[in-house]
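The values are calculated or read from the model by the stated rules, or taken from the named source; none is laboratory data. Because the structure is predicted, anything quoted here is derived from the model rather than measured. Backbone-built Cβ (ideal geometry, glycine too); neighbour counts: all protein chains shown. Just the protein is used for accessible areas: all its heavy atoms, side chains included, with ligands, DNA and RNA removed. Shrake-Rupley method; radii C 1.70, N 1.55, O 1.52, S 1.80 Å.
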Amino acid sequence: MFRSGLAGRSPALRSVFDLCAGRLHLVTEAVGVRIADYPKLGVEDFMVSIYNDHTVQRVLLALPDGGRVPVHPVLAQAMAFLRD
């Protein structure tokens, strides 16, 4: 009941609960990088993208509808909710 209440107030925390319960999964996939975004990349990702057809590996949250969401911002939002 307590977790349900928290999940109802934070979609990001609900995703974390669903991940921990096995209802969502993490996947690692190649994500395209636009050349205009290259200046935002760290040197490691830049080098990887050059040799991998402008893609970098990212950890994503696999959604039930087949969609993908970068997991790090979701985790940051859940943590921020818990801090407030």
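What does the net charge come to around Leu6 if you take all other residues with beta carbon closer than 14 Å to its beta carbon, with K and R at +1 and D and E at -1?
+2
Can you work out the accessible area per residue across the chain, with the rest of the protein chains kept in place, probe 1.4 Å, in square angstrom? Working shown, then result.
Values: 6020 Å² over 84 residues.
Here the residues of the chain average 72 Å² of exposed surface.
Mean separation of Cα pairs under 8 Å and 6+ residues apart, divided by the residue count of the chain: what relative contact order is that in percent? Working shown, then result.
Numbers: 88 pairs, mean separation 28.4, N = 84.
For the chain, the relative contact order is 34 percent.
Helix-only estimate, please: 222 nm mean residue ellipticity of the chain, summing -39500 (n - 2.57) across DSSP H runs of length 4 or more and dividing by its residues, to the nearest 500.
Details: 4 runs with 40 residues, N = 84.
Using -39500 (n - 2.57) per qualifying helix, the result is -14000 deg cm²/dmol.
Rounded to a whole number, what % of the accessible area of segment 2-83 do carbon and sulfur atoms account for, probe 1.4 Å?
After summing per-atom areas, the C and S share lands at 61 percent.
What is the list of residues in segment 10-41 whose amide nitrogen lies under 11 Å from a point 7 angstrom out from the Cα of Val59, following Cα to Cβ?
Of the residues in segment 10-41, 26-28 have backbone N under 11 Å from the label point off Val59.
Which value, in debye to the nearest 20, gives the size of the charge dipole of segment 5-67 about its Cα centre, when Lys and Arg are +1 and Asp and Glu are -1 at the Cβ?
Dipole magnitude for segment 5-67 comes out near 320 debye.
Based on a Kirkwood Rh over C-alpha pairs, give the Stokes-Einstein translational diffusion coefficient of segment 2-79 at 4 °C and viscosity 1.567 mPa s in µm²/s.
D, rounded to a whole number, is 93 µm²/s.
Please report the net charge: other residues with Cβ closer than 15 Å to the Cβ of Tyr51, K and R +1, D and E -1.
So the environment of Tyr51 carries a net charge of -3.
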